[in-house]
1. Most mobile of B:16, B:26, B:143 per a Gaussian network model of chain B (Cα springs, under 10 Å)?
2. So for chain B, considering every pair of alpha-carbon atoms, how many percent are separated by more than 30 Å?
3. Relative contact order for the stretch B:5-280: what is it in percent, counting Cα pairs under 8 Å that are at least 6 residues apart?
4. Per-residue mean of other chain beta-carbon atoms within 10 angstrom of the beta-carbon, peptide A:114-122?
5. At 222 nm, what helix-only mean residue ellipticity would the protein assembly as shown give, in deg cm²/dmol to the nearest 500, using -39500 (n - 2.57) for each DSSP H run of four or more?
6. Compute a Gaussian network model of chain A, connecting alpha carbons closer than 10 Å, and tell me which residue from A:124, A:204, A:62 fluctuates the most.
7. Against the longest alpha carbon principal axis of chain A, how many degrees, from 0 to 90 and to the nearest 10, is the axis of helix A:255-265 turned?
8. Ranked from highest to lowest mean number of other Cβ atoms within 10 Å per residue, what is the order of the peptides B:251-260, A:20-29?
């Protein structure tokens, strides 16, 4: 958003005036809440927020202009916090409520939503974790991997699906000319931690808590306290986050299988990709390809962003 | 109006919002429902489960699209990429009309994901109407704009909210999605008579109505969509139906969502008021 205006327009005669008013209000809403969930007491230039709010918002007989603006600011922050929590249960479990809240606020301050859909809200979270390691220290690498994994789930849930290449076309093209694309909804991850197992543990714990709170007896039976899921220990892990019949799956990959898929995804020919699978037995490679084709992972090559 | 050019000349009855907790019930039990309203943005995706689910629903039911992010009132130009996605969805659903809110929510490309109130000025009305026309021409589907519930007003406003709504829809030559719960909520928050609002809008442009529940707090009312419809809103709905005619009506229930049957039965209560309106109309 452009620099906030110092004053709201006194009259609204043009689209430019409308933009200034909207910039003023959006700036007020997007500024972080105070620790007690209030609107910031001062405007960006140091003037009291009460005074600035009164310049463009009418009070009524129950609420001041400041209080009316505060309602909208709270709704903005609570809505976006809820969206990030929904998309990042693993990161929330790892950091705990307080640190996750600080990370989410700092992230949204630097990268407010630029998309019409909240689905894209966490698209730059991995980058931000790298930019601000102090917010996740001493587990920054782990946090970044969990964020990558959770973004991969978003992509797998509703990412594009391209027409699957048929086996005849694949088998009729010489390997040194054959290039295979990977479905856009498949994300290959080379991880330093077994994030898939960690996220499954978190989801299982949260599902149990939810199950407990949804039972008819839940009014009399206390919901179990949130058990801390142990952080994963380092273990090199290769995984594809994908969907099959529109259900989300995490598929562990052999390192050689990962190298083949990564080479194909980056545009290499099949023969070059297979050369990357040093050490793998031909029969094993054939089994992998059979499984990947059954999953419908191969499509015509598409331009893919680096993961 | 039961069927008019703003709702694709459709005489739809009483619908409910298509919501995740009801998916399995709807697909397995196939309950009789006049129509479902979908939130367009939930299905403006590239693939996966949302589109599969939508296609299964479309095989069985009539669907109308309702948006939450077009922001007709934002000073920004319409986002072409957003519009292309929306048009693809319109082709998929064959929605007879499409609705979104008379509000703004983004500026300079930054989104608040809220339905923020407009300043009720002639300049804002002209700009908003111009955008509605551009969007309708691109999407090639009738548009109804919905009045939002609001918690703040601007000093620069030059008219009432219903005068602003009338000004916009006349300039844009579009329809109205009259949300009677939003009228009631805003009337309490701003101290106007909700019947003046209903009486003041161009009735022949109403293509759809919304009803919903809200939550009262000490100093304001929030449009929470997490309750049954309250009596004052039903009364206002009955009045609106008498003035505007029986229109496609949709119950919004978006939080603390109970069973499908409970939501549907709540929506069907509208029939009591529709029958009353029909009897009162010669």
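1. Its mean-square fluctuation being the largest, the pick is B:26.
2. Counting every Cα pair in chain B, those more than 30 Å apart make up 25 percent.
3. That works out to 19 percent.
4. That average works out to 6.
5. -14000 deg cm²/dmol
6. Maximum fluctuation in the GNM of chain A, among the listed residues, is at A:62.
7. 70 degrees
8. Ranked by mean Cβ neighbours within 10 Å, highest first: A:20-29, B:251-260.
None of the figures in this text is laboratory data; all of them are computed from the coordinates on show. None of the values given here were measured: they were computed from a predicted structure. Don't worry about glycine lacking a Cβ; one is built from the backbone with ideal geometry, like all the others, and counts go over all protein chains shown.
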